[in-house]
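The values are calculated or read from the model by the stated rules, or taken from the named source; none is laboratory data. Here the structure is a predicted model, which is why all the values come from computation and not from measurement. Positions of Cβ are generated from backbone atoms using ideal geometry, with glycine treated the same way; all protein chains shown enter the neighbour counts.
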Amino acid sequence: MSQQSSGEPLPRCCERHSDWPTLSQHLAAEFPEMTMRDLIHELRRAKQAVDNVGLDEAEALDTAELIARHQIMLRLGQTTEVARLDPERHARTD
């Protein structure tokens, strides 16, 4: 797979996943070079992130897919991380 360009939406395998096992199966099939341990780790992190904001199940699956997919693609070098803050010092007027 070629490297994902920044600013483009992440590719998805299907419009919606019905449950967590289906999502994990689809990610495993799409990224066979990723170890199952690493894939599950990223999916767990994504699930924890969506659980913390209280999304309904459908939104949680959609959002978790994007989070996990992005992290997996980063690990595999299929995309680059471009969104970084460039903090600058601010002069205080106290």
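Identify, by number, the condition in (1) at pLDDT 85 or above; (2) in a loop (DSSP other than H, G, I, E, B) that E8 doesn't meet.
The failed condition is (1).
Under 6 Å between Cβ atoms, at least 6 apart or on separate chains: pull out the pairs that start in segment 53-76 with a residue that is in contact (Cβ under 8 Å) with a residue 40 or more places away in the chain and small (G, A, S) and end on any residue that is assigned to a helix (DSSP H, G or I) and surrounded by 14 or more Cβ atoms within 10 Å (Cβ to Cβ).
What qualifies is A64/A46; A64/K47; A64/V50; A68/E42; A68/L43; A68/A46.
Just a yes or no: is a residue in segment 73-84 of a type in the set (A, V, I, L, M, F, W, C), closer than 23 Å to C14 by Cα, modelled with pLDDT of 90 or more and touching a strand residue (DSSP E or B) at 6+ places or on another chain (Cβ under 7 Å)?
Yes, segment 73-84 contains a residue that is of a type in the set (A, V, I, L, M, F, W, C), closer than 23 Å to C14 by Cα, modelled with pLDDT of 90 or more and touching a strand residue (DSSP E or B) at 6+ places or on another chain (Cβ under 7 Å).
How many residues, within segment 27-66, are surrounded by 11 or more Cβ atoms within 10 Å (Cβ to Cβ), assigned to a helix (DSSP H, G or I) and out of contact with any Asp or Glu (no Cβ under 8 Å at 6 or more places or on another chain)?
Result for segment 27-66: 22.
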